[in-house]
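Undergrad: Please find one structure pasted underneath; my questions will follow.
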Amino acid sequence: MQTHNLGYPRIGSQRELKKAAEQYWAGKISLTQLNQAGSAIRLHNWSLQKKAGIDLVPCNDFSYYDHVLDTSLMTGAIPARYHDLMQDKQLPHPDLLFAMARGYQKDGYDITAMEMTKWFDTNYHYIVPEFTANQQFSLFNTKVLNEFVEAKQNGIPAKPVLLGPVSYLLLGKEKEPGFHRLELIKKLLPVYIEVLTKLEQAGAYYIQLDEPCLSLNLTDAERKVFTKTYEEIKNKLPDLKIILASYFECYGENLFTVLKLPVQVLHLDLVRCSGQLDDILATDFVHSRTILSLGVVDGRNIWKNNFETSLAYIKKAADKIGKARIWIAPSCSLLHVPCDLDLETDEKVLTPEIKQWLAFAKQKIDEVVTLKQLANDENSEVANTKLKENITASQNRKTSSLIHNAAVKARVKAITDADAARQNAFSIRKEKQHSALNLPLFPTTTIGSFPQTAEVRTWRAKWKKGELTQVQYDELIAKETEKAIRWQEAIDIDVLVHGEFERNDMVEYFGEQLKGFVFSKNGWVQSYGSRCVKPPIIFGDVSRPESITIRWTAYAQSLTKKSVKGMLTGPVTILQWSFVRNDQPRSETCTQIALAIRDEVADLEKAGINVIQIDEPAIREGLPLRKENWQAYLNWAVKAFRISASGVKDETQIHTHMCYSEFNDIIQNIADMDADVITIECSRSQMELLDAFAAFKYPNEIGPGVYDIHSPRVPSQKEMTQLMEKAKAVIPMEQLWVNPDCGLKTRGWNETKAALLEMVNAAKALRQQVTVNA
Ligand code: GLN
Ligand code: ZN
């Protein structure tokens, strides 16, 4: 029996990589210094894993930005728009890498960045490879080789990790018509063979090829490409030992293909898919010589492993195929969890009782090693002490009064269908809302946040450090809110917002005021490049001890006669952007959050707020990886939203907001959410998204974002009128709102003011036109 790890967090336990990269971009440190920072992180991670007793330690899991982008650099898949820059500037590879990730706007160049998208169902973003019809590949960057040599020189039992060739192609995009990217495998494979040969020559005996696309629904043709590719690798490199890794889901209908691939080790994510172990052990796979890597330690969540459960899997497999054919591992790369729980020393933040239920990357490495000890030697005293501790912690979690709240559980049980439905259908609500709100055609609004300037953020920092008193801080927030209200009135926006100045982050702000959530001090996880997030931890039953948003919303409303829109984060988004407890179904946790938000909605209504927005930007990204699981998810997710939104009278208008999603395939479910108004991102795609809503005859009101808030560029009134004309051509104008495509918190005031003024004028021009034509 052996242990291995699929990948370790690359950002550094103190976010050293983030700091070094950002300093390098700002010209404050040299490339040599950046490389030193990278090398220090790698060495630290490797030594830690080796010392813990991991038999095969991953290398090339490190990256200065993203491992998919690294693969593009390795294979020379560099989009043409960078070629002149490369030539003229003789850019060192790290600079080219950063230019591809972030764009290059200096020295007379204006090259756009490559696109970024979510890595499967995680919050990690990768840089999407770009392919052309006559795409060429050649070995361009040898980082994988360099890191392997570096690891070996440091005495590390290293295993190079590479994104597999088929998944690499599938994760990319065709940049011109007329071909399918998988056809490129013929040209790509020789580069992989060259790299693998070089690694073998350098002394690598095991190489991990990640093919996470094997967790998706594939066509027969796609499966065939997998078969051919791996047979070809075997032909060319008969002695190389390949570890094939997929994760995040079952192999599903790909399993039959996978079991036949000529690889030495097959990795299983038993956290996401425990059932497939039985499936495999029931086939004649048991008579083969392939090793099974059992991914029993959760690489996606921060809970301590349940040793008894994991040992049961290991034993089941060992009984059938023998211990020699079993490896123990985390379920996937540990990229998705924070580095080290030992750094959480503030007992007021993370109490010892909660801390004993958790494990971050470093602790998970120890768990993998302990599981091997326990499986190998039932009598090991050290290991058995750890087993006892583990059992105590998990029993204690099952019964802890911190976690379990009988009233919350009872309330979830008592939910009826009526709780998830408004009193009347939209057609009736619409009339009542129109007379209550008295809005013009093409009403204008924004998505919630106004610029979170450096100044606003300093207030919060000072208040948290005790340098500002609560009273002083509140006064500053009140002034800023009042300014925002006055300014919105001045430019004549129809439905105002309070500006969200009091909020750090749309999930954290709510999590901090709900029971059942805790926050780590240092639990950072890479989101993209140097950007990290610190997800809240939902450890227990969720309840709302007191109202969360009434104070600032009601204050803003008291300043104006116009409607101020209450602003809440929806249950699915709160769930999606947190580490969620694993001792009950996600749907149950989501429903508990929904009830808390429902109470907040009711309180807002009581406080005289007649428009309330419940943001659900994450509803689509929560979709399971396999289509056969979509409906079950959508059923509970949509219901959770409806529970949060349905406790109000017909006159109260519920908005929701979503961004950066492909809505086409879930449009029915979006309609089922039954929000009175939905605001969505549309401006980047020039309203293409609206086609889905139009074709579907989306019944409720809709605000297609008329400008992209992710850019400081100020759009003109004319551009926005034109976009709205496009919208009007496919959707009845009585249903249309005019708004930006997302919150404005990352923008400065200057561009925000200029853009919104243009936007209001665009709406007015549209109204005028209607009157003229009438
Ligand atoms: N109300 C939030 C804001 O304006 C919505 C943010 C989002 O869609 N991610 O900031
Ligand atoms: Zn948004």
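The values are calculated or read from the model by the stated rules, or taken from the named source; none is laboratory data. All figures in this text were calculated on a predicted structure; none of them were measured in a lab. Glycine also receives a Cβ, built like all others from the backbone with ideal geometry; neighbour counts cover every protein chain displayed. Side chains are part of the model used for accessible areas, which takes the heavy atoms of the whole protein and leaves out ligands, DNA and RNA. Shrake-Rupley method; radii C 1.70, N 1.55, O 1.52, S 1.80 Å.
Undergrad: Using label points projected 7 Å from each Cα along Cα→Cβ, tell me how many nm separate residue 455 and residue 133, to one decimal.
TA: 5.6
Undergrad: I've got another one for you. If you count only protein heavy atoms and use a 1.4 Å probe, how large is the accessible surface of residue 316, to the nearest 10 Å²?
TA: Solvent-accessible area, nearest 10 Å²: 80 Å².
Undergrad: Once amide H atoms are built 1.01 Å from N in the peptide plane, which residues 5 or more positions from residue 567, or in another chain, come under 5 Å H to H?
TA: For residue 567, whose amide H was placed from the backbone, the distant partners under 5 Å are 613.
Undergrad: Considering the zone a paramagnetic label at residue 205 would reach in this model (a point 7 Å from Cα along the Cα-to-Cβ line), which residues of region 142-179 have amide N under 18 Å from it?
TA: 148-149, 151-161
Undergrad: Right, something else. For residue 483 and residue 91, compute 0.36 nm times the residue count separating them, minus their Cα-Cα distance, and round to one decimal in nm. If you can, show how the numbers build up before the last one.
TA: Working: separation 392, 0.36 × 392 = 141.12 nm, distance 4.70 nm.
That pair, residue 483 and residue 91, stretches by 136.4 nm at full extension.
Undergrad: Can you give me the long-range amide H partners of residue 415? Hydrogens built in the peptide plane at 1.01 Å from N, cutoff under 5 Å, separation of 5 or more residues or another chain.
TA: Those qualifying (amide H under 5 Å, at least 5 residues apart or on another chain) number zero.
Undergrad: Would you mind counting up the charge near residue 282? Only other residues with Cβ under 12 Å from its Cβ, with Lys and Arg at +1 and Asp and Glu at -1.
TA: -1
Undergrad: About the Cα centre of the chain, how large is the charge dipole given +1 on each Lys and Arg Cβ and -1 on each Asp and Glu Cβ? Please answer in debye to the nearest 20. Could the numbers behind the result be given before it?
TA: Values: 93 positive and 96 negative charges, 171 e Å.
Taking the Cα centre of the chain as origin, the dipole is about 820 debye.
Undergrad: Using a Cα-Cα cut-off of under 28 Å, which lysines could be cross-linked to residue 561, ignoring same-chain neighbours fewer than 8 residues away?
TA: 430, 432, 479, 483, 606, 649, 745, 753, 764
Undergrad: Hey, another quick one. Any idea how far apart residue 534 and residue 688 come out in nm if each label point goes 7 Å out from Cα toward Cβ?
TA: Label-label distance for residue 534 and residue 688, simple model: 3.9 nm.
Undergrad: Let me ask another. Just to check I understand the Karplus step: with θ = phi - 60° and J = 6.51 cos²θ - 1.76 cosθ + 1.60, what whole-Hz values come out for region 201-210, glycine and proline as x?
TA: Values per residue, Gly and Pro as x: 4, 7, x, 6, 10, 10, 10, 8, 10, 8 Hz.
Undergrad: To the nearest 0.05, what FRET efficiency results for residue 435 and residue 513 with a Förster distance of 41 Å applied to their C-beta separation?
TA: The formula returns an efficiency of 0.75 here.
Undergrad: Can you tell me which lysines have their Cα less than 16 Å from the Cα of residue 28? Leave out same-chain residues fewer than eight positions away.
TA: Within the straight-line cut-off, residue 28 pairs with 18, 19.
Undergrad: Another question, if that's okay. Can you compute the FRET efficiency between residue 662 and residue 80 using 1/(1 + (r/R0)^6), with r the Cβ-Cβ distance and R0 = 25 Å? Round to the nearest 0.05.
TA: On the way: r = 27 Å, r/R0 = 1.07.
It comes out at approximately 0.40.
Undergrad: What whole-number value in Å² describes the accessible area per residue of the chain for a 1.4 Å probe? Spell out each step's value before the answer.
TA: Values: 30990 Å² over 774 residues.
Value returned for the chain: 40 Å² of accessible area per residue.
Undergrad: Follow-up question, since we're still on this one. Modelled label-to-label distance, residue 770 and residue 112, 7 Å Cα→beta-carbon offset: nm?
TA: 3.3
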